[in-house]
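Report on the following structure.
Please treat every number below as a calculation from the coordinates, not as lab data. Every value quoted in this text rests on a predicted model; they were computed, and no experiment measured them. Quick reminder, even Gly has a Cβ in these numbers, built from the backbone with ideal geometry, and neighbours come from all protein chains shown.
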Amino acid sequence: MIIDRAKEDDVGRLEELWYEAFGDDKEIIELFMSKVLNGAQTYVVRKSGIIVSVLYALPTIDDNYYLYALATDADYRNRGYMSALIRYFIDHFDAGYFFLIPGEEKLVSYYEELGFDVHVPAGIRSNVKNIFNESVTGYVIAEIKADDGVIPDLPDALVCVKHSAAPDAVYGLIPY
C-alpha cells in the first residue's frame, strides 16, 4: 500500500471511483475535477499501482480542511485503506480542525472510531441544505450562480458552504 498525492494523469481513475461511490452525473464529476481538484489536497491509496481510495481535502481560509468525497473501490472496502488514508492526512497536515459530512448514517460510528466528534447529524445527500444551520454550526449554505463571479461557469446545481465570518469565501462545493 502506498499513500501519495494524486497526479494529473490520475483524473480518469478518480472520476471512475467517484462515479462508483456516489453515482453523480459525469458532468458534475468532471466539473469538480476541472475547477476544484488543483486547489484541493487530493491523496490516494495505491495497491499494486491501482488507486483504491481517495480523499479530497478542501482548505478553508482559517487553516482547516473539509474532507470531501472520501471513496474506496468496492472491491477494496473493509481492508483499512480509507482509515490509513485519513490518519495519514491528519498526521501530515496541520489544521485547527478537519470536518466532513458522512454520506450515510452508518458511517458516523466509523468516523467516530477515527477520532471525529459528531456536532451535526450525518448528511443526507438529497437533503444537504438542511444539514447546515448557522446557529448550530456557524455555516450557511448559499447557492452560487455562474454570474456571481466566484467561480466562472459554475452550474446552478451546486451549493457552496460558507462561514458566516467570511461570507465571500468559498469553502467547498457540494452537488445537490
Complete set of residues in the stretch 50-97 that are of a type in the set (Ser, Thr, Tyr) and within 14 Å of ALA40 (Cβ to Cβ): TYR56, THR60, TYR65, TYR66, TYR68
Subset of the stretch 44-86 (residues that are of a type in the set (S, T, N, Q), outside any strand (DSSP E or B) and closer than 21 Å to GLY23 by Cα): ASN78
Extreme residue, farthest from GLU112 (Cα to Cα), among residues of the stretch 57-89 that are surrounded by 15 or more Cβ atoms within 10 Å (Cβ to Cβ) and free of Cβ contacts under 8 Å to residues at least 24 places away in the same chain: PRO59
Odd one out for VAL52, checked against (1) touching a Lys or Arg at 6+ places or on another chain (Cβ under 9 Å); (2) in contact (Cβ under 8 Å) with a residue 60 or more places away in the chain; (3) buried (at least 17 other Cβ atoms within 10 Å of the Cβ): (2)
Condition broken by ILE51, with the remaining ones in (1) over 14 Å from the mean Cα position of the chain (by Cα); (2) of a type in the set (Val, Ile, Thr); (3) closer than 24 Å to GLU112 by Cβ satisfied: (3)
Check on LEU14, more than 21 Å from LEU114 (Cβ to Cβ) and either assigned to a helix (DSSP H, G or I) or in contact with a helix residue (DSSP H, G or I) (Cβ under 8 Å, 6 or more places away or on another chain) (or both): yes
